[in-house]
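Accompanying notes for the structure given below.
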Amino acid sequence: MAEVPYRTVDLAEPLETPGPNGRIGLVALATDLCAESDLRTMLPAGVELYTNRVANANPVTEANLRAMAPDIGRAAAGIVPDVTLDVMIYGCTSGTVVIGEEEVFRRMREARGPFPCTTPVTAAMAAIHACGSRRVSILTPYLESVNVELARFFSDRGLDVPGIVGFGLASDADMTRVSLESIYHAALEVCADDAELLFISCTALRSAQVVDRIERVLGRPVVTSNQAMAWHALELIGRPYEVNGYGRLFSRRLSAAARSASRAP
């Protein structure tokens, strides 16, 4: 075979840095069909999302949610391991409630180092405080047993929860298949008249896509798991950004004290 000539060519410009406006690591569920696409849609230009998946199983029960914990560190460690991240997200609302925020943070930081971390419920609490709300109605796709734990989580953190309503689904795939119209109509139905805010739980629900529409009718802020995660991650990065079309939340700023509290000790 004839020898093929080989040479190198000089770069016209220096190497560029991926994610110049921020790099976010997402530990997504193996069964989740929604969180990655939702977050990428909401993140502004120059902010990159890198993902790995944690082993989990349907149905969405407390036992299966708790069983995810041992694999969180492995999944976090496998996200572009040679790249410095600005924020790490664990992308499961009900899983965080069952496993515990501090345990989730501990496992991610042991794998990747001491930097800002968030979860859907961490982000939701920050969002609810940023909106100045205390009385919160909740819509979920979950079974009753998971709803009980979620309501307790928010109540234990000082929120007044007038009601929590679920679709009674046990599979992440079914949760993502819930139509936008079903989410929209359920949101209007379950939000209490005296609630100051509606929280729509679950990273598998496509609820971020109808936040603006629901807010126009309710006249109150609406926070969803994926929307809150995107907002909180951007706030923790701490650079100017503009996100439109996903609710009032993106016009709110995280206080310096809240930003500091979300960082690793």
*asked:* Taking θ = phi - 60°, what integer Hz values does the Karplus form 6.51 cos²θ - 1.76 cosθ + 1.60 yield along the range 202-207, in sequence order, with x for Gly and Pro?
replied: 3, 6, 7, 7, 8, 5
*Considering Cα pairs under 8 angstrom that are at least six residues apart, work out the relative contact order of the range 82-136 and quote it in whole percent.*
43 percent
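Above 15 angstrom, tally the Cα pairs of the range 104-154 and express them as a % of all pairs, no decimals.
59 percent
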_Contact order normalised by residue count of the range 1-150, Cα under 8 Å, 6+ apart, percent_ = 23 percent
*asked:* How big is the dipole moment of the range 101-151 about its Cα centre under a simple scheme where the beta carbon of each Lys and Arg is +1, that of each Asp and Glu is -1, and everything else is neutral? Debye, nearest 20, please.
replied: 220 debye
*Keeping all protein chains in place, calculate the accessible area per residue for the chain (probe 1.4 angstrom), answer in Å².*
45 Å²
*Can you give the extra length, in nm with one decimal, that the chain gains between R106 and A12 once fully stretched, where that is 0.36 nm per residue apart less the Cα-Cα distance?*
29.5 nm
*Quick one: Kirkwood hydrodynamic radius for the range 56-165, alpha-carbon pairs, angstrom, one decimal?*
14.9 Å
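Per the helix-only calculation at 222 nm, which mean residue ellipticity applies to the chain, given -39500 (n - 2.57) for every DSSP H run of n ≥ 4 and division by its residues, nearest 500 deg cm²/dmol?
Counting only the DSSP helices, I get -11500 deg cm²/dmol.
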*Starting from the amide H of G166, placed 1.01 Å from N in the peptide plane, find each other amide H under 5 Å away whose residue is 5 or more places distant or on another chain.*
T140
*Per-residue ³J(HN,Hα) for the range 152-164, Karplus 6.51 cos²θ - 1.76 cosθ + 1.60, θ = phi - 60°, Hz, x for Gly and Pro*: 5, 4, 6, 4, 5, 9, x, 8, 9, 10, x, x, 9
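For the range 56-120, how big is the tail of P(r) above 16 Å, as a whole percent of Cα pairs?
Summing the P(r) of the range 56-120 above 16 Å gives 41 percent of all pairs.
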*Which FRET efficiency value, to the nearest 0.05, do you get for V148 and A258 by plugging their Cβ-Cβ distance into 1/(1 + (r/R0)^6) with R0 = 25 Å?*
0.35
*Say R0 is 45 Å: what FRET efficiency, to the nearest 0.05, do E242 and M1 get from their beta-carbon distance?*
0.20
*Ratio of Rg to Rh for the range 1-48, alpha carbon only, Kirkwood?*
1.30
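I need the Kirkwood Rh of the range 1-127: take the reciprocal of the average 1/r across all distinct C-alpha pairs and report it in angstrom.
16.2 Å
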*With every protein chain kept in the model, how would you rank T8, T96 by accessible area, 1.4 Å probe, largest at the top?*
T8, T96
*Compute the length gained on full extension between D160 and V80: take 0.36 nm times their separation in residues and subtract their Cα-Cα distance, giving the result in nm to one decimal.*
24.8 nm
*Per residue, what volume in Å³ does the convex hull of the Cα atoms of the range 100-197 enclose?*
126 Å³
*For the range 165-246, what percent of Cα pairs sit more than 18 Å apart?*
44 percent
*Take the Cα gyration tensor of the chain, multiply each eigenvalue by 5, square-root it, and list the three semi-axes largest first, rounded to whole angstrom.*
33, 21, 19
*Which value, in debye to the nearest 20, gives the size of the charge dipole of the chain about its Cα centre, when Lys and Arg are +1 and Asp and Glu are -1 at the Cβ?*
460 debye
*Counting pairs of alpha carbon atoms under 8 Å apart in space and at least six apart in sequence, what relative contact order in percent does the chain give?*
21 percent
*Viscosity 1.567 mPa s, temperature 4 °C, Stokes-Einstein D of the range 181-228 from Kirkwood C-alpha radius, µm²/s*: 123 µm²/s
_Carbon + sulfur, % of accessible area of the chain - ligands and nucleic acids excluded, 1.4 Å_ = 51 percent
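The values are calculated or read from the model by the stated rules, or taken from the named source; none is laboratory data. What you are looking at is a predicted structure, and each value in this text was computed from that prediction instead of being measured. Cβ sites come from the backbone with ideal geometry, for glycine too, and all protein chains shown count toward neighbours. Just so you know, the surface numbers come from the protein's heavy atoms only, side chains and all, with ligands and any DNA or RNA stripped out. Shrake-Rupley method; radii C 1.70, N 1.55, O 1.52, S 1.80 Å.
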